[in-house]
Amino acid sequence: MDASAGPEMIPVPARQVTLSDRRTQRSWAVELDPYQLGTYPITQVLYAQVSGERPSTARGDHLPVEGVSWWDAVQFCNALSQRKGFTPAYRQVGGEDIEWDASADGYRLPTEAEWEHACRASTAGPRYGSLDEIAWHRGNSVETIHEVGVKRPNLWGFHDMLGNVWEWCWDIYDPEVYGTYRVLRGGGWFDEHWSCRVSVRRRSHPTFRVDDVGFRIARSVTR
């Protein structure tokens, strides 16, 4: 993992994905175009190189960055895009509103449908493998965060999709009930096993920062 080279990205094929929410008992289908997604959550060393900041409580270059808000993640995406010569994906249009330019080739947060599609990697169960083999969770983490890439990846090569840190997604969770709260996916190092499942959805305010929330990044495949 050479941070100076930028994030490692894996291409993900197009597909229709069905999402569900246990709270509302609702399901909905999403059509996905091909995209790229980071092999790992963003590490502290890459975050520091791009932003000049080290917000994490635990310190280690190859630990996932944590203690970052949704806003922090969006700003990182734009800064990394500019650093790499890509068109930034996000425009601030006032207040808490952010506009996503879907035609941009820059880095961005995955949608939750993109996140779930990549996490499943063509599997159908609640997890893509035995939990202790693929994820750091409350039962095996010794209540601390761990370096990325230690646990076994899924079939498409993605590491730490479950456990270690929750990951911010682009989507608003439920605007009628929770306003601007954004979606988090994947479970973290302090979560019980039932939170580390592919379909589990969590939400929080876009300014929220805590030591088990990080993010990974995506890029659209431009034609």
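The values are calculated or read from the model by the stated rules, or taken from the named source; none is laboratory data. It should be emphasised that the depicted structure is a prediction, and the values quoted were computed from it without experimental measurement. When we count neighbours, we look across all protein chains shown, and the Cβ atoms used for this are built from the backbone with ideal geometry, even at glycine. Note: accessible area is taken over every heavy atom of the protein model, side chains too, but ligands, DNA and RNA are not part of it. Shrake-Rupley method; radii C 1.70, N 1.55, O 1.52, S 1.80 Å.
Is the C-alpha gyration tensor of the range 121-223 telling us rounded, prolate or oblate? Criteria: a/c under 1.5 is rounded; beyond that, a/b larger than b/c is prolate, otherwise oblate.
Numbers: a/c = 1.70, a/b = 1.25, b/c = 1.36.
Cα axes put the range 121-223 in the oblate bin.
Based solely on its DSSP helices, what 222 nm [θ] is calculated for the chain when runs of n ≥ 4 H residues each add -39,500 (n - 2.57) and the sum is averaged over all residues, nearest 500 deg cm²/dmol?
Theoretical 222 nm ellipticity from helices: -5000 deg cm²/dmol.
Which is farthest toward the positive dipole end of the range 90-223 among G157, G214, W194, measuring Cα position about the Cα centre, with Cβ charges +1 (Lys, Arg) and -1 (Asp, Glu)?
G157
I need the trypsin sites (Lys or Arg not before Pro) found in the range 5-35, filtered to DSSP loop residues with at most 15 other beta carbons within 10 Å of theirs. Walk me through the numbers on the way to the answer.
Working: sites: R15, R22, R23, R26; in loops: R22, R23.
Sites meeting the loop and neighbour criteria: R22, R23.
Can you give me the % of accessible surface on the range 71-177 that is carbon or sulfur? Probe 1.4 Å, all protein chains present, nothing else counted. All intermediate terms of the calculation are to be shown ahead of the outcome.
Values: 2060 of 4460 Å².
Using a 1.4 Å probe with all protein chains present, the range 71-177 comes out at 46 percent carbon and sulfur.
D21 to W194: extension gain in nm, 0.36 nm per residue of separation minus the Cα-Cα distance?
Between D21 and W194, full extension yields an extra 60.8 nm.
Probe of 1.4 angstrom, ligands and nucleic acids ignored: what's the accessible area per residue over the range 39-197, in square angstrom?
Computed with neighbouring chains in place, this is 40 Å² per residue.
Around G187, which amide H atoms from residues at least 5 apart in sequence, or from another chain, sit under 5 Å from its own amide H, with H modelled in the peptide plane?
G163, E167
Label T207 and D132 with points 7 Å out from Cα along Cα→Cβ: what is the distance between them in nm?
Roughly 4.3 nm, to one decimal.
What ranking do 200-209, 178-187, 124-133 get when scored by the average of other Cβ atoms within 10 Å per residue, highest first?
Highest mean packing first, the order is 178-187, 200-209, 124-133.
Could you check the simple spin-label distance between E176 and W28, using points 7 Å along Cα→Cβ, in nm with one decimal?
Those two pseudo-labels are separated by 1.0 nm.
So who's got an amide H within less than 5 Å of the one on Y35, skipping anything under 5 residues away but keeping other chains? H placed 1.01 Å off N, in plane.
V12
Could you tell me, in Å, what Rg and Dmax come out for the Cα atoms of the chain?
16.0, 46
I'd like to know which of W100, W28, I42 lies farthest towards the positive end of the charge dipole of the chain, counting +1 on Cβ of Lys and Arg and -1 on Cβ of Asp and Glu.
W28
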